[in-house]
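Structure first, then comments.
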2 protein chains.
Amino acid sequence: MTTGKRTRIPREQAQEIILNAAEELFDQEGIHAVSVDAVVERAGINKMSVYRQFSSKTDLILAYISRKQEAFWTEWNLSLSKHPDQPREQLIQFFRDLAAKASCTDYRGCCFLNVAVEFPDTAHPVRELVTTHQRRIHDALLEMAEALGAAHPSELAYTLRLLMEGTYAESQTYGTDSGAIQMLPAIVEKLIDTSIAIR
Amino acid sequence: MTTGKRTRIPREQAQEIILNAAEELFDQEGIHAVSVDAVVERAGINKMSVYRQFSSKTDLILAYISRKQEAFWTEWNLSLSKHPDQPREQLIQFFRDLAAKASCTDYRGCCFLNVAVEFPDTAHPVRELVTTHQRRIHDALLEMAEALGAAHPSELAYTLRLLMEGTYAESQTYGTDSGAIQMLPAIVEKLIDTSIAIR
DNA sequence: TACATTTGTTACTAACTAGTAACAAACCTT
DNA sequence: AAGGTTTGTTACTAGTTAGTAACAAATGTA
């Protein structure tokens, strides 16, 4: 800026800095609302450094979503690792952790839902990432429902999906202390037990 | 346009035309993605005619949301009117109609969710409309849960809320034929009956 | 017919957008 | 030290955005 000396930042490091800045801004303010210049300023990095790494804003958004995808499965595995080989406890734990996250005041919802809303055109490249991610979530929930010994695994998986997406949506529309979100773990626990009992 | 003759449109009529055009575009493409000029073009009306009725784009958005609010309760009442004085049937009917709507290929989700996502700043005027609308929905669901004779009306209301919001979210992320949405009426029916049986 | 009001039209401002060209400075390898 | 590569800086393009000023044409009213 004002200094005569230039500070050079190598590629890999710059990419991290840019993606961190983009993530913060996209999460907080939305994607369309954040300009590339805003990301540049937040990252404290030069504009050309962005366009030398990401060919376009869309490219940057794709990288942002890919990162979020990885982060989701990291958290998923973290929840599951708390109760090895206990699918019922694992699933409840995941929803407990989800509720805790969605109750944070700075929580800005599920990035995949947000992206889907901000990019209504399903042919847009960013939507492909959303679609594959959702499919994987469904597969994971179905797998858990089967491992649980649910009477109707598919129905349980669908219901869990609705509750999960509902939590993401509520965190936006009702706010982070929606009441329903606090009750989520209990609701899921009861649902699972009912689903097993009917067997 | 090309005609020499000018066609004059009175205020009230113009307002309707503008709001119809805005609704179509906002629903289909999102709010930030639609410019005032795009609304003007779609409405086939002059730009000044828009700004003489709505002081700003925000003002137009507020009018759009207000209309959606009215439309929601019209549909709510329509569902309920199919089974007078039968709260269980009324509630199931509402979710049946919701699922049918959310299964349409051109369905673009719940406008209130979309607005919440597109306007993360809860202090923004449009968010007030969303907040009051969500509160009313909760009150209505709670009232129904009590009329049903649920063992724990509040818990049932919260769960129904999550399923409802989940449906809206799924219609975006999973698409209109998500599987879960088709199963929604059955899920709600079972949930209600379980909720009464425990009594 | 005369006048006030409403509406349509054109042209504009000022700010912001994504993306790029050209060059200067730093670094790395030899 | 020499030359190539990577990075920083500045300045720019061309398009879009919300919103407005000024005037022309149509309408209503007296």
(request) Kindly write out, for segment B:116-125 in residue order, the coupling ³J(HN,Hα) from the Karplus curve 6.51 cos²θ - 1.76 cosθ + 1.60 (θ = phi - 60°), rounded to whole Hz, with x marking Gly and Pro. (result) 4, 6, 6, 10, x, 6, 5, 7, 5, x
(request) Please list B:E24, A:E155 in order of solvent-accessible area, largest first, computed with a 1.4 Å probe with all protein chains present. (result) B:E24, A:E155
(request) Return P(r) of the protein assembly as shown (all Cα-Cα pairs; 10 Å bins starting at 0; whole %; ordered from short to long distances). (result) 4, 20, 29, 24, 14, 6, 2, 0
(message) What is the angle, in °, between the Cα long axis of helix A:153-173 and the longest principal axis of the Cα atoms in chain A? Nearest 10 is fine, range 0 to 90.
(response) 50
(request) Express in Å², to the nearest 10, the accessible area of B:V50 obtained by rolling a 1.4 Å probe over the protein heavy atoms while all chains stay in place. (result) 10
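Net charge around A:R88, counting only other residues with Cβ within less than 10 Å of its Cβ (Lys, Arg = +1; Asp, Glu = -1)? Don't skip to the answer; put the middle values down first.
Details: positive: none; negative: A:E89, A:E189, A:D193.
That sum, taken over residues with Cβ under 10 Å, equals -3.
Of B:I31, A:I17, which has the most accessible area and how do the rest follow, probe 1.4 Å? If you can, show how the numbers build up before the last one.
Working: B:I31 5, A:I17 50 Å².
Reading off the accessible areas and sorting them downward yields A:I17, B:I31.
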(request) In nm to one decimal, list the spacings between the A:T74 label point and its equivalents in the other copies, with label points set 7 Å along Cα to Cβ, shortest first. (result) 4.8
(request) Provide the per residue accessible area, probe 1.4 Å, for segment B:1-54, rounded to a whole number of square angstrom. (result) 71
(request) Considering the convex hull of the alpha carbon atoms of segment A:1-54, report its projected area averaged over all viewing directions, in nm², one decimal. (result) 3.8
(message) For a 23 Å ceiling on Cα separation, which of these pairs sit above it: A:K190/B:K190; A:K190/B:K101; B:K82/B:K190; A:K68/A:K101?
(response) A:K190/B:K101
(message) For A:E118, A:E189, give me the order by solvent-accessible area with a 1.4 Å probe, most accessible first, ignoring ligands, DNA and RNA.
(response) A:E189, A:E118
(message) Test of understanding: in a Gaussian network model of chain A with alpha carbons linked when under 10 Å, which of A:A71, A:A99, A:A157 would top the mean-square fluctuation ranking?
(response) A:A71
(request) Would you kindly find the accessible area of B:F119, with a 1.4 Å probe and non-protein molecules such as ligands, DNA and RNA excluded, rounding to the nearest 10 Å²? (result) 20
(request) Provide the solvent-accessible area of B:R135, counting protein heavy atoms only and rolling a 1.4 Å probe, rounded to the nearest 10 Å². (result) 140
(request) Mind jotting down the distance between the C-alpha centroids of segment A:159-188 and segment A:85-109, whole Å? (result) 10
(request) Considering the rotation that carries chain B onto chain A, locate the chain B residue whose Cβ comes closest to its axis and report the distance in whole Å. (result) B:G166, 2
(request) Quickly estimate the mean residue ellipticity at 222 nm for chain A, helices only: each DSSP H run with n ≥ 4 gives -39500 (n - 2.57), and the total goes over all residues, rounded to 500. (result) -24500 deg cm²/dmol
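When a/c reaches 1.5 or more, the comparison of a/b and b/c decides; with that in mind, is segment A:100-141 rounded, prolate or oblate per its Cα gyration tensor? Can you show the working numbers first?
Details: a/c = 3.99, a/b = 1.36, b/c = 2.93.
Oblate is the answer for segment A:100-141, as a/c is 1.5 or above yet b/c matches or exceeds a/b.
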(request) Could you pull the copy-to-copy label distances for A:E41, with points set 7 Å along Cα to Cβ, in nm to one decimal and sorted shortest first? (result) 2.9
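The values are calculated or read from the model by the stated rules, or taken from the named source; none is laboratory data. Small disclaimer: the values here were computed from a predicted structure and weren't measured. Don't worry about glycine lacking a Cβ; one is built from the backbone with ideal geometry, like all the others, and counts go over all protein chains shown. Just the protein is used for accessible areas: all its heavy atoms, side chains included, with ligands, DNA and RNA removed. Shrake-Rupley method; radii C 1.70, N 1.55, O 1.52, S 1.80 Å.
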